[in-house]
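The values are calculated or read from the model by the stated rules, or taken from the named source; none is laboratory data. From a predicted model like this one, the values you see are computed outputs, not experimental measurements. FYI the Cβ positions are ideal-geometry reconstructions off the backbone, even for glycines, and counts take in every protein chain you see.
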Amino acid sequence: MEQTLEGVVRAWDGDGVFSAYDARSESWVFIAIHDTRLGPASGGTRLERYDRPVDGLIDALRLAEGMTYKWAGAEMPYGGGKAVIARSRSLDADERDALLDFYAARLVSLRGAFQTGVDMGTTPEDMSRIGTISGHAVGVSPDRTEDPGPYTALGVFVGIRAALAHRFGSPDVAGRSILVQGVGDVGLPLAEQLSEAGADVRLVDLDDAVASAAAARTGAAVVSADEMWSQDVDVYAPCAVGATLNPDTIPRLRCEIVAGSANNQLLTPRDGGALHDRGILYAPDYVINAGGAIALGRIHLGERDEETLLDHVRRIEGRLSEIFAEAARADESPVVAAHGRAERYLEAHD
Ligand code: PHE
C-alpha cells in the first residue's frame, strides 16, 4: 500500500471512507465503511495519537475490514465499519470533549450509516456522550452504558478452551501456562477469569504500574517486555495492539497456541500460513474476539437478558472448534477456514 492518503484509499476494496478535520484539536476523523451486505456498518471508535494522519486512516481501513468478517463470522446483521480519531498531540479534558462532540456531529450527519461503540482509547462514558448527541452509539441505553471488554474477555476465555481441546484433547485451562499481553479493558478481565480457573497466568504490559496492579489483583506473574518472547507457554494471548504476529516474531514464538483479543493480529495474511507451518494453532482474531461485538450488537437489537447475551458469547467456543476441525481436515491455517465460512455467509445474505 502506498503510504499517502490518496494511495491508501485507492488501494482499498471497501465501500468508502468519510473524513473530517477538527481544527481546534488538530485531529482527523476517519469513518471507514467496508461492506454493508449484512446491514448498516457498525464498529468501535479508536482514539489514538498517530505520527501521521495516514497511519490513522490505514488503521481505520484495516479495522473496518476486520469488522465485516467479525459480524459475518458471528452471523450478525451488521456491516463492517470502524472509526479512528487520529490526534497528533495530547489533549486536555476540554479539548478531548470538544473533539468527541465534533465526532458525534459527524455521526449525526451520517444518519445511522455508521453506529459505534468502545474501542482502544475510548470509554463507555465517551459513548454515552457520543450517543446522547448522535443517537448512534451501540450498547448505550438510558439506564446503563455497556463496556464490551468483559464480554470480549469471556469470548476469548471460551476460545482458549476450544484451542486447548483441539490441541491437547481437554479444554481445561487449569495448570495451563498462558501469557496475556496487554492488561487493559479485555486483558484484565481475561487474566482474572483464567487465574480463577487455575491457569498459570503471566502478564506483560507496556506500563509497569498497570502490569503490577493487575498482578496484585489476579495473582498472576509479571513478565518484562524483553522476557516475553522467551516464555515457554501453552498459550500466547495478544490483547493489545495489532500486528504482533509477523516475520520477526513468529520464528521466536515458544507456544502451542495463539489465542487473544487484539484486532488484526497478523501483519499480513501470509503470517497465518507461517504460524501453521510452525505447527502453532492460531485462533482467527475476528472469531475469538467477537464477544464484545456480539453482546453490544444484541443489546442494540433489543436483547436485555444477561444470561442470553452470555450464551451468545459462549457460542464462540463451538464455532472455533468447528473452524479448527475444518482446518485440520484440509491441513490449512484456521485463517483460511474462518475466511471461507465468513465469505459464504456474506454471499448467502447479500
Ligand atoms: N471495538 C470492539 C470490537 O472491535 C467492540 C465493538 C464492536 C464496539 C462493535 C462497537 C461495535 O469488537
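Listed here are the residues, each with its yes/no results for (1) part of a strand (DSSP E or B); (2) assigned by TED's automatic domain parsing to the domain that holds ILE58; (3) touching a Ser or Thr at 6+ places or on another chain (Cβ under 7 Å); (4) within 11 Å of the ligand (Cβ to nearest atom).
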{"position": "GLY112", "(1), (2), (3), (4)": "no, yes, no, no"}
{"position": "MET120", "(1), (2), (3), (4)": "no, yes, no, yes"}
{"position": "GLY131", "(1), (2), (3), (4)": "no, yes, no, no"}
{"position": "GLY155", "(1), (2), (3), (4)": "no, no, no, yes"}
Pick from the range 316-344 the residues that are touching a residue at least 12 places away in the same chain (Cβ under 8 Å) and not in a helix (DSSP H, G or I): which of them is farthest from VAL158 (Cα to Cα)? GLU332
Out of curiosity, is LEU296 closer than 20 Å to ALA163 by Cα and outside any strand (DSSP E or B)? no
Taking the range 299-315 and keeping only residues that are in a loop (DSSP other than H, G, I, E, B) and in contact (Cβ under 8 Å) with a residue 40 or more places away in the chain, one is left with LEU301
Top-ranked residue in the range 267-293 [being closer than 23 Å to ALA330 by Cβ, within 21 Å of the chain's Cα centre (by Cα) and not in a helix (DSSP H, G or I); ranked as farthest from the ligand (Cβ to nearest atom)]: ILE280
Please verify whether the range 92-107 includes one or more residues that are surrounded by 24 or more Cβ atoms within 10 Å (Cβ to Cβ), aliphatic (A, V, I, L, M) and within 16 Å of the ligand (Cβ to nearest atom). yes
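Residues checked against (1) assigned by TED's automatic domain parsing to the domain that holds TRP28; (2) of a type in the set (S, T, N, Q); (3) within 11 Å of the ligand (Cβ to nearest atom); (4) in contact (Cβ under 8 Å) with a residue 40 or more places away in the chain:
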residue	(1), (2), (3), (4)
ALA41	yes, no, yes, yes
THR45	yes, yes, yes, yes
PRO53	yes, no, no, yes
ALA60	yes, no, no, yes
LYS82	yes, no, yes, yes
Whether any residue in the range 3-20 is over 24 Å from GLY242 (Cα atoms), surrounded by 15 or more Cβ atoms within 10 Å (Cβ to Cβ), more than 21 Å from the chain's Cα centre (by Cα) and assigned by TED's automatic domain parsing to the domain that holds THR132 is what I want to check. yes
